[in-house]
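Asks: Here it is, the structure in full.
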Amino acid sequence: MLGKRVKELLEERGWTQSDLARAAEMHRSEISEICTGRRTKVNTGTLERLARGLGIPVEELLKEGGEEPKVCRLMMREIGEAAMWELLEVIRKIKKAPIRGP
């Protein structure tokens, strides 16, 4: 799904995978793996770099056929959109926090 969306966005811009790799500060092989579907699981940092490289919000990158993925719709229905974005911010802060040992 993500690979298909990235390919669509590249085509819209007339970009190559190398163009996106430079803009997103990623390796071209990473972009290739995502576009071909060999890499289907990506972390939030990768999503953010892809979106930043494409000049779009992460939400736009995750849209499928003009709609948010089912998990986003489910979360918005269950906890509301504002709470969903607050949760995302908490996750981002946790990821940036140093790992503390016992």
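Asks: Do the conditions hold for residue 46, that is, is it of a type outside the set (D, E, K, R) and either in contact with a His (Cβ under 7 Å, 6 or more places away or on another chain) or within 17 Å of residue 63 (Cα to Cα) (or both)?
Replies: Values: of a type outside the set (D, E, K, R): yes; either in contact with a His (Cβ under 7 Å, 6 or more places away or on another chain) or within 17 Å of residue 63 (Cα to Cα) (or both): yes.
Criteria met by residue 46.
Asks: What's the number of the condition residue 53 fails, among (1) touching a Leu at 6+ places or on another chain (Cβ under 6 Å); (2) over 21 Å from residue 88 (Cα atoms)?
Replies: Against the list (1) touching a Leu at 6+ places or on another chain (Cβ under 6 Å); (2) over 21 Å from residue 88 (Cα atoms), residue 53 comes up short only on (2).
Asks: Continuing with the same structure: Restricting attention to segment 8-29, which residues are at positive phi and at pLDDT 95 or above? Talk me through it step by step, then tell me what you get.
Replies: As a first pass, look at segment 8-29 and keep what is at positive phi: 14, 25.
Answer for segment 8-29, where residues must be at positive phi and at pLDDT 95 or above: just 25.
Asks: Sticking with this one: From the list 79, 99, pick out the single residue that is loosely packed, with under 13 Cβ neighbours inside 10 Å and modelled with pLDDT under 80. Before you say what the answer is, go through the steps one by one.
Replies: On the way: 79 fails: modelled with pLDDT under 80.
Of the residues listed, the single one that is loosely packed, with under 13 Cβ neighbours inside 10 Å and modelled with pLDDT under 80 is 99.
Asks: Still on this structure: Would you be able to tell me the number of residues in segment 5-53 that are under 20 Å from residue 85 (Cβ atoms) and of a type in the set (A, V, I, L, M, F, W, C)?
Replies: Taking segment 5-53 and keeping what is under 20 Å from residue 85 (Cβ atoms), we get 42-52.
So of that shortlist, the ones also of a type in the set (A, V, I, L, M, F, W, C) come out as 42, 47, 50-51.
Number of matching residues: 4.
The values are calculated or read from the model by the stated rules, or taken from the named source; none is laboratory data. Source: prediction; values computed, not measured. A quick note on method: Cβ atoms are made from the backbone with ideal geometry, for glycine too, and the neighbour counts reach across all protein chains shown.
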